[in-house]
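Below: one structure, written as structure tokens.
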Amino acid sequence: MTFPRPLLVVPFALALIACRPVGSFPGENRAALPGPDRLAQKVFYASGGKELHTVSRIQFSFNVIDNGKTVVSRSHDWNLAAQTATVTTAGKTVSLNLASPTTTSDEKSAFAAWTNDTYWLLMPLKLFDPGVNRTLFAPEDYNGKTYENLQLTFGKTGLTPGDTYHLLIEPKLNRVKFWDYIPSPEKRVRFSWDDYERFGPLLLSTSHSQVNGTRQITLTDITVSTHPHTKK
């Protein structure tokens, strides 16, 4: 299943985040992978990547909170099998056929929202998507802990291929704890990845707080459904 790659900036100065195919699987032979890919594979597996192919539907709400006030709230109903999605914002629902280009302004806005919001939800499961370049940096010490440091850059894909991300990953747990958005060498915005919960086969972060800022992003009302034939 492949999707187009446009991006959406959340409604404050943050990244335009790439949408790429979900479920790219790096394979089992970890020893044969280069260092960055071995780390990315650990994160992918820890998030439920081995079972991602069993997921048929994902429903969730994406919320942006500033100084305790909700400034954006959108709900999503994504049918992965049918390649369709509905996006509801402020009581207005737009249906999308993800296999075909959007045409109307409402569809373009809804698709951009879906692109952005699903990436906040599923980024650790998209580390091996086409166009993603992975580079291993030296571990980073932050707040008394040492984290693995994985850089993500993007090929000629999405609306902002020049953007860079750094993921700070908890050793042993192999979970993303922070990510830095770096649109230019002099600018870096850090968000936490907190409150991991299991939804079906997936382990997802449901809360992101801006470090040294006032913004928070929460993912709520999450439901992950699997194909009927999936073994429990």
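The values are calculated or read from the model by the stated rules, or taken from the named source; none is laboratory data. As the structure is a prediction and not an experimental result, all values here were calculated from the model. As a convention, Cβ positions derive from the backbone with ideal geometry for all residues, glycine included, and neighbour counts pool all protein chains shown. The accessibility values were calculated without ligands, DNA or RNA, using every heavy atom of the protein model including side chains. Shrake-Rupley method; radii C 1.70, N 1.55, O 1.52, S 1.80 Å.
Within the stretch 195-213, residues that are in contact (Cβ under 8 Å) with a residue 12 or more places away in the chain have Cβ atoms under 7 Å from residues that are open to solvent by 50 Å² or more (accessible area, probe 1.4 Å) and basic (Lys, Arg) in these pairs: 196/175, counting only partners at least 6 apart in sequence or on another chain. Only a single criterion out of (1) open to solvent by less than 60 Å² (accessible area, probe 1.4 Å); (2) in a strand (DSSP E or B) is not satisfied by residue 127, namely (2).
Residue count for the stretch 34-64 satisfying the condition of being open to solvent by 30 Å² or more (accessible area, probe 1.4 Å), within 17 Å of residue 117 (Cα to Cα) and either without any contact (Cβ under 8 Å) to a residue 60 or more places away in the chain or not charged (D, E, K, R) (or both): 1. Looking only at residues that are surrounded by fewer than 19 Cβ atoms within 10 Å (Cβ to Cβ) and polar (S, T, N, Q) in the stretch 175-217, which one is modelled with the lowest pLDDT? Checking each candidate, the answer is 184.
A search for C-beta distances below 7 Å between a residue of the stretch 127-149 that is without any contact (Cβ under 8 Å) to a residue 60 or more places away in the chain and any residue that is aromatic (Phe, Trp, Tyr) and open to solvent by 80 Å² or more (accessible area, probe 1.4 Å), counting only pairs 6+ apart in sequence or on different chains, returns 149/137. Condition (residue is over 13 Å from the mean Cα position of the chain (by Cα) and more than 27 Å from residue 58 (Cβ to Cβ)) applied to the stretch 187-206: is it met by at least one residue? Checking the stretch 187-206: at least one residue is over 13 Å from the mean Cα position of the chain (by Cα) and more than 27 Å from residue 58 (Cβ to Cβ). All conditions but one from (1) in contact with a Gly (Cβ under 6 Å, 6 or more places away or on another chain); (2) more than 24 Å from residue 162 (Cβ to Cβ) apply to residue 60; the one that does not is (1).
Here the stretch 69-118 is the region considered, the condition is being in a strand (DSSP E or B) and basic (Lys, Arg), and the residue that is surrounded by the most Cβ atoms within 10 Å (Cβ to Cβ) is 74. Would you confirm, using the coordinates I've provided, whether residue 214 is touching a helix residue (DSSP H, G or I) at 6+ places or on another chain (Cβ under 9 Å) and within 21 Å of residue 74 (Cα to Cα)? Against the criterion (touching a helix residue (DSSP H, G or I) at 6+ places or on another chain (Cβ under 9 Å) and within 21 Å of residue 74 (Cα to Cα)), residue 214 does not qualify.
For the stretch 91-99, check the following and say yes or no: at least one residue is farther than 23 Å from residue 222 by Cβ, of a type outside the set (Lys, Arg) and in contact with a helix residue (DSSP H, G or I) (Cβ under 8 Å, 6 or more places away or on another chain). Checking the stretch 91-99: not a single residue is farther than 23 Å from residue 222 by Cβ, of a type outside the set (Lys, Arg) and in contact with a helix residue (DSSP H, G or I) (Cβ under 8 Å, 6 or more places away or on another chain).
Annotation: of all residues in the stretch 133-174 being at pLDDT 95 or above and of a type in the set (Asp, Glu), the one that is surrounded by the most Cβ atoms within 10 Å (Cβ to Cβ) is 148. Do the conditions hold for residue 164, that is, is it of a type in the set (Val, Ile, Thr), within 17 Å of the chain's Cα centre (by Cα) and over 27 Å from residue 131 (Cβ atoms)? Criteria not met by residue 164. Selection of the stretch 173-232 for residues being acidic (Asp, Glu) and either within 26 Å of residue 55 (Cα to Cα) or out of contact with any strand residue (DSSP E or B) (no Cβ under 8 Å at 6 or more places or on another chain) (or both) yields 186, 194, 195, 197, 221.
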